[in-house]
Every structure is written in structure tokens, then in C-alpha cells.
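Reviewing the structure listed below.
The values are calculated or read from the model by the stated rules, or taken from the named source; none is laboratory data. Predicted model only: the values in this text are computed from it and were never measured. Don't worry about glycine lacking a Cβ; one is built from the backbone with ideal geometry, like all the others, and counts go over all protein chains shown. Heads up: the accessible areas ignore ligands, DNA and RNA and are worked out on the full protein's heavy atoms, side chains in. Shrake-Rupley method; radii C 1.70, N 1.55, O 1.52, S 1.80 Å.
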Amino acid sequence: MFKEIKHEFEIEGVKCTFSTGKLARKSQSAVIAQMGDTVVMATVNTGEARTDMDYFPLSVEYIEKMYAAGKISGSRFVKRDRFPTDDATLKARIIDRSIRPRFPEDYRDEVQVIVKVLSFDPDYDPVIIGVNAVSAALLISGSPITEPISGVRVGMKDETLFAYNKHVDRDNIEESKLDLVLAGDGKSLTNIDSNAYEISEDRYIEAMEYGLELMTPWLEAQRVFADMVEGVEKAEYVSFALPEELVKKAVSIFGDEIGGNLTMLDKRAAKSLTLEKMAEEFGSEYSKKQLDDAYEAVAKKELRKLVLGEGKRVDGRALDEIRELNYEVDLLPRVHGSGLFTRGMTQVMTIATLGSSRSMMFVDDMTGEDTRRYMHFYVEGPYSFGEAGRYKYIPGRREVGHGALAEKALYPVLPSMEEFPYTIMLMSEIMSEEGSSSMASTCGSTLALMDAGVPIKKPVAGIAIGVVMDEDTNEFKVLTDIQGVEDFYGYMDFKVTGTRDGVTAVQMDTKSSGLPMEIFREAIQAAKKARLTILDGMAEVIGKPREELSEFAPKVEMLMIPVSKIGELIGPGGKNIKKIIDETGVELNVEDDGSVHIYADDAASIQKAREYVEEYAFEPEVGQIYTGTVSKIAEFGAFVKLAKSVEGLVHVSEISDSFVKDVRSFLKEGETVKVKVIGFGDNGKIRLSIKALSNGSSPDQSTNSSHDDSNNTEE
């Protein structure tokens, strides 16, 4: 029999549990975490030290299964859950960045973390539960982690901050003007990931501080749970710390040269040359790997000395200075919109493509089936880094993450489907990479959208802020617009996007075990200053969206029809709508609310299709006068066709003031006549009159011009 250990506690009045010993019993550690009806399993297993890697080999997998929500995939052909969705990939990144900084720098044992959602309750987000479950699993796994970290989500409604435990779709946060995910130890932060609707910098800092407070009950619950698990011993591991003597020698002999290499344009070539000299100096005393690590350790020290000691940067810029900026639009002749953003050696070209509502992306996951009408994709190749390498056709986690960040940066300023009935796709092609290409993608996307004529509410820009710090003294300097070397040897990559009026997205990861709030207070203000500078330059090139769409973009028109007429427009088996499409060449989309979108390459096709739609949607009104076609004559009167599927009867008594012996002496089939609607029969049939017109028309009985002769010919 197994022995289950369970700890029950409450978060914001909601019953929660951590348990172990029941499931995945062969795993080094396995924690089942539950909040509401959301149940998450986190497993941790370690392997041997990886001597072939120069980084900590941590892998985090986040797995969602449709069964967790009681659903079966909507795909006709594939029912098995297969590759992770982009959303699941982003959640894996959140968990990875939250826990990675807490491992010792000299640790190289392979660690695999797997998070599985076993039961999904939309009221309780599995990624927040997952971060806490993983932390608890690490505490009882024998790993070198000795203190917990917590994940929390902060929302804001009517200026009030609250614990946002509900699952949030990244495309839809109408319930809250802020979706802020934080990870940390209650005093410092290891991860930030958020989107917002133009939140002020001061309010954003308040939300971060509030989030640190929310961590307390989660952290306490993990500590209590870990104490309940007996027999946990922290395993000894092979330290990959560099010999102190090697570092001292490298600093003494090569410190100045390595520091100088940081300022070189071709840093890789400079590093290779220095490593050759180090190998000659130290001979076989140290391995090639140790020499490479020593170089990196000295480079980090030299960067810290340059920034903290001299207040300088490797490229000579001031600490708050942005690299040279350049903006261009309308680069490519046949695309719908394009923008090129260059900041130093970082260069991104974003292309905007507009499509019909049928071009929306179909999403099928445990939250259900959904569509997305706005997408941003990030694409880079070996040439982006000046390298010869294998071109990746399938995006990795980095590409998915960068694309998602730029995507949510612009979401708050996009027009609604009602305002702009197009599917919008942005593709950021990374032409050159030298620091913060995701923020360059945000800027390039704004340019491309305005060039395409998408009526965004405000331009959006982004910037990356770094920090160099002395962990012994806590002295730090914030760096605006960090480039690759400052990101690599620095301690923080803090990306902030927004408009002139507030923040729209933030993402942060760190190499430190945790960063204090005082750094973020300074960093977010530095980001605002830089963002305004970028927006000023952008406005000089294109200040607002173009008035007209590209001639190559599809034309669209939207009209509303009564919901009761949708069936008639579509027809049996789609007969009617297929006929309209075949005869006009348009793309026609009908929504459940009666909105009809007509897409075509030319206005004439749209007008022809519109006339068809209006005919099927036609609903006559009593007292109105219409032009129709006599479709059939009977002894008791004449049937007059007012629209494609609308026909009424002019009774013999309503044809003329004089006696009508033979209807055919007054009317002929195919003849165009004006009629007045005088009522409806008990069976819903339309009663029409011709003779009522001879008595004159009141002001509210004007002819409906939408149904003139040209629109009412027989098929």
C-alpha cells in the first residue's frame, strides 16, 4: 500500500491541496496540486551531470490533455493529443524562467520537469498552480533547491487590484485590464509575464508589489508540505565551479584583453584569438571547457567593472542612450503593408497581411474550440546572427515566445471586428539580431499595420532594459536598449511595450536568483523614456494609419440581416449562398448575429453580392411601397415577387378602383409594377395593393429604393 501525504490549505478563500505518494510513485518526486477543480501533476527527475554542456540542462514540459476538460478534439482525422499548442509552449516558458534562476551556478545535473494538467476548471488557472506545484516538487526531490518560489496572477478591474486566479486566454482579457503573472520568493522576482490595457507605470509597479504579497500563503503552504515529507535529503552533486586560481590568473593576465574584446564588432573572432593565447599560457593544466568558462567569467567581471566602476558601456553609449534608430514603410510592392525597424545592428521587417474572417486561425485545446483573427509570427534564420547553420522551419520555444510577446503588445490598440472586419496576420522577419528583436518586432508591427491602413487606436513601441549589479553590495545600474553582450553578461532582460499613455505588455527573465523591486522602479521609468523617443521618431515617418488599404488587399463590406433570414440566405444545403458566390466571385461569411461580410478583389463584385444578400434578407413593412415583378396570375388576383424569396398577393379587389373581370386585362406575367403593402394574412402571407397607390402616398410611404426594377427581375 502506498502512503499519501496531503496538505490542505486555502488561497483567497479557495480550498487547495498539495499531495504526494499516490501517483507517479517511481518518479523522484511527484506533487499533485489542486485548486478548485483544477488538478495539476508536477514531476521532477534528475540525471547525470552533462559535461558536454556549458549551461544548466533543465527541461520543462507543460502538457495539456483534452480529457482534462472533458472534451474530445474537434479534428475529424486526429483525435490523439499531439504537439503542444503555442499557448502550452508559452506556459512551459513561464515555468522554466520562474525556477531556472534558483539553481546554483555550478550545478550541471540534468533535470527534467513535467507538468500535466489532469483536470481543468476555467475558474482556476493551471499555469499558476503549476509553478507552485513544481516548486513544491523541487523542495522534496533532493535537488539543491532549498527555498520555495511562488507563481501568482494579478488582475485589475475599476482600478482595484485583485488575485486573478481564473484561467485567462491571452487574446481575451476583457474581465481585467491587467493580466500580470509573477514568480518569486515574496521579496524578489524571477519572472514577469503580462499584458495590459495601457496601465500607467506607477500603477504597474503597485501591481507588482501587490503580487509579491500574494505569494506569502503559497510559499508558507509549500514549506509546511515539504516538512511533512520525511526522509528528503539534498543529494550531493558534482560542482562545475571554476577553480578560483584559474579565474584569478585569467583576470590578471587577460582581463584587459577580454574587456577590450567586449567592445569589438566581431566578438566571436576576438574571443577565439584570446582563447588560443589562454591555451598557450596555461598549457594542459586546464581543459578547453574550463578555459572557455573562465573567459566568460572574466567577461562578466569586466562588464560589471566597466558599467559600475566607470559608468560606461561596451559600445560607448550613455547608460540611458538608445542605439541609432531608423524607420521605413511601404518597402514591398505587392504586400498589404510593411515596416522596417532598425535599432543599431538589430533589424526587423514586419509584413501585414489582411484576409477574410475565413482566414482566422482555428484553435482546438482543452478550453474548447475557438478562432483568432489576429496573429503575429516571429521568424529568424542563421543569417540573422551572421552564421551558417540549419534553417528551422518549425519554430522553437524562443520564436513562439517572441512572437507572442509582440502580438499581445499590440492587441489593446487593434480595432474590433465590427470596426475592421478583417483577419490580421503579422510576420516579423528578423534580418539582423543584436539584442531585443522582440521589441524591434513590436515597433516593426506598428509600422506595418499603419502602412496597411489598419485603424489602430495608437502606435505601440517597445524597448529592452537590462541591469548590471554587484550581488555582494547590491549596487546596480540600469541599461537602456541592451544589446546581446549586455544581455548575456548582465542580470536582466526586462522588455516593456506600450503607447504614449501606458504599458501594454511586459516580460522579464533573469540570471539572478531574484531581483528586488527597487530595480524595477527605475527600469520601468527608463523604458517609458525610451519608448516615447521611439514613438516620436516613428511619427515622423508615418503618424497615423493610411486612409486607404492597399490595392492588393481584399475589399470588404459588412451588412446586417435579420437573424430569421439567415436560413433563407444560406438555403437548403447552402444552395443559395453557393449560388451568390459562384455568380459574383466573392467570399461570403454569415455570422450567427446576422452580420454578413462580403470580401472581393473589386467593388463591383461586392455591390452585386450585396444586392443578392439584400434580396434574401428583405422584410416588407406595412404601408411601404415597393417595386416588384408579376410572377403568376390567377382568377382571384396576381402574385408579385418583391425579392428573391418574398412574394405577395394583389387580390382582384386591390388591382383597380373599377371592376376587374379578367386580371390578365390589367396585368401580365413578368410585368414590373409598384405595389403597397397593406397587411399580412393569418397565414403570414403578404397582402398587396395597386389601387391604393392611386389614392396618393403619405410622407412615410416613400418608395424603397433598395428594391427597384433592376433588383427584382426573375431568375
**Prompt:** For R100, R25, R500, what's the largest-to-smallest order of accessible area, 1.4 Å probe?
**Reply:** R25, R500, R100
**Asked** Rg and Dmax of region 385-483, using alpha carbons, in Å: what are they?
**Response** 17.0, 56
**Fill in**
Length gained, E471-E387, 0.36 nm per residue minus C-alpha separation, equals 26.8 nm
**Prompt:** Ignoring any ligand, DNA or RNA, what whole percent of the accessible area of region 355-505 comes from carbon and sulfur when the probe is 1.4 angstrom?
**Reply:** 52 percent
**Request:** Quote the FRET efficiency, to the nearest 0.05, computed for V238 versus E276 with a Förster distance R0 of 22 Å and r equal to the Cβ-Cβ distance.
**Result:** 0.20
**Message:** As an exercise, use a Förster radius of 22 Å and the Cβ-Cβ distance of E328 and I581 to find the FRET efficiency, rounded to the nearest 0.05.
**Reply:** 0.05
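Direction-averaged shadow area of the convex hull around the Cα atoms of the chain, nm²?
Result: a mean projected hull area of 40.1 nm².
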**Separation in nanometres of the label points that stand 7 Å from Cα toward Cβ, at D292 and L532** = 4.5 nm
**Complete:** Expressed per residue, the solvent accessible area of the chain in Å² (1.4 Å probe) is about 46 Å²
**Request:** Write out the trypsin sites (Lys or Arg not before Pro) in region 126-221 meeting two conditions: DSSP loop, and at most 13 other Cβ atoms within 10 Å of their Cβ.
**Result:** K187
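Keeping the other protein chains in place, figure out the carbon and sulfur percent of the accessible area of region 167-317, with a 1.4 Å probe.
Here it works out to 50 percent.
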**Request:** Take every Cα pair under 8 Å in region 79-171 that's 6+ residues apart, average their separations, divide by the length, and report that relative contact order as a whole percent.
**Result:** 27 percent
**Request:** For region 85-223, count all C-alpha to C-alpha pairs, find those more than 26 Å apart, and express that count as a whole percent of the total.
**Result:** 22 percent
**Asked** So what is the 222 nm mean residue ellipticity for the chain from helices alone, if each DSSP H run of at least 4 adds -39500 (n - 2.57) and you divide by all residues, rounding to the nearest 500 deg cm²/dmol?
**Response** -9000 deg cm²/dmol
**Fill in**
Ignoring ligands and nucleic acids, K116 exposes an accessible area, probe 1.4 Å, in Å² to the nearest 10, of 70 Å²
**Greater than 19 Å apart at Cα, pairs in K632/K685; K177/K408; K458/K529; K79/K578; K565/K641** = K79/K578
**Request:** Report, in order of residue number, the helices in the chain meeting two criteria: a C-alpha extent of 18 Å or more along the helix axis, and a mean Kyte-Doolittle hydropathy of at least -1.0; treat each whole DSSP H run as one helix.
**Result:** 86-99, 126-139, 201-228, 244-261, 267-282, 397-410, 437-452, 517-541, 603-617
**Complete:** Between D106 and I253, the FRET efficiency computed from the C-beta separation at R0 = 25 Å comes out, to the nearest 0.05, as 0.60
**Asked** So for the chain: antiparallel DSSP bridges make up what percent, rounded to the nearest 5?
**Response** 90 percent
**Item:** Segments 189-199, 672-682 sorted - mean Cβ within 10 Å per residue, highest first
**Value:** 189-199, 672-682
**Request:** Leaving ligands, DNA and RNA out of it, report the carbon-plus-sulfur percent of the accessible area of region 598-661 at a 1.4 Å probe.
**Result:** 50 percent
**Message:** Using Cα-Cα distances under 8 Å and only pairs 6 or more residues apart, what relative contact order does the chain have, in percent?
**Reply:** 10 percent
**Prompt:** Extension gain Q607-L308, at 0.36 nm per residue separation less the Cα-Cα distance, in nm?
**Reply:** 100.9 nm
**Asked** If the chain between S416 and E540 were fully stretched, how many nm would it gain, using 0.36 nm times the residue separation less the Cα-Cα distance?
**Response** 42.0 nm
**Item:** region 49-90 - Debye-derived log10 I(q)/I(0), Cα point model, q = 0.32 Å⁻¹
**Value:** -1.17
